[in-house]
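To start, the structure under review is shown below, and the notes come after it.
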Amino acid sequence: MRLTELTALLHLASPALPIGAFSYSQGLEAGVDAQWIVDADSASAWIEDGLMHVLARAELPFISHQMERWHRHDATAIAAADRQFIASRESAELRRETEQIGWSLKQLALSLAWGGEASRAALGALTPLSQPTAFAFAAAAHDIAADAALAAYAFAWAENQVAAAIKAVPLGQLAGQRILVAARAVIDEAVARALRTPPDRINTFSPMLGVFSARHETQYSRLFRS
């Protein structure tokens, strides 16, 4: 991997990227409220399950195929796929999350003039816009390899889940780091699975996540927006 590619990848995966991802738990907080997540072991199981049975079947392969479409400059296919992805979100919170983070990442990409002029015009025209499509644009604009881009996205997701678990369970910092170390092999497997997934096999079927997310909308006490 070229150093320029690595630094771009670190930038995109950084928790300091100003897109607001830190304010969402993607159902984890509702899992804590329902006492599905009560300690480090159950938090680790939740996160690894999310990597293998949610991201690996939906967001990661979707990003891979959107990257290919960005490289082909196929704005029509990008827009159609993005509409389908947004429609697949299981709850109002999850839909608002992907649209808000997608919008924020779009503003950053346009402000920093990532990618070519035609690609930026196509990105700017996407309203609403999902986070994975915006991430795929950024990765393609920096000419990042698909496997590396998916690994970075998955790690950023896992890191954000760990940060949410540290606050909501709560867990100690060392317990959180153990979860992230254990997740490395799971991320490798999730990326490999995603790269083998054709567009017509992408799915977001995860009923309990949808239930927990819907419950979170009316949860009495909340730290996070999802």
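Neighbours of V162, meaning other residues whose beta-carbon lies under 15 angstrom from its beta-carbon, give a summed charge of -3 when Lys and Arg score +1 and Asp and Glu score -1. Relative contact order for the chain: 40 percent, from Cα pairs under 8 Å spaced at least 6 residues apart, divided by residue count. About its Cα centre, region 39-82 has a charge dipole of approximately 360 debye under the convention of +1 per Lys or Arg Cβ and -1 per Asp or Glu Cβ, with nothing else charged. Each peptide among 41-52, 178-189 gets the average number of other Cβ atoms lying within 10 Å of its residues, and from highest to lowest they stand as 41-52, 178-189. Each of Q35 and A80 was given a label point 7 Å from its Cα along the Cα-to-Cβ line. The distance between the two points is 4.9 nm.
From helices alone, the chain scores -21500 deg cm²/dmol at 222 nm; the rule is -39500 (n - 2.57) for each run of n ≥ 4 DSSP H residues, then divide by the residue total. For the peptides 152-159, 8-15, the ranking by packing is 152-159, 8-15, with the highest mean count of neighbouring Cβ atoms within 10 Å listed first. Scoring 96-109, 131-144 by mean Cβ neighbours within 10 Å over their residues and listing the highest first yields 131-144, 96-109. Rounded to the nearest 20, the size of the Cβ-charge dipole of region 159-226 about its Cα centre is 120 debye, with Lys and Arg at +1 and Asp and Glu at -1.
Each reported figure results from applying straightforward, stated rules to the coordinates on display, with no laboratory input. Keep in mind it's a predicted model, so treat the numbers as computed, not measured. Cβ sites come from the backbone with ideal geometry, for glycine too, and all protein chains shown count toward neighbours.
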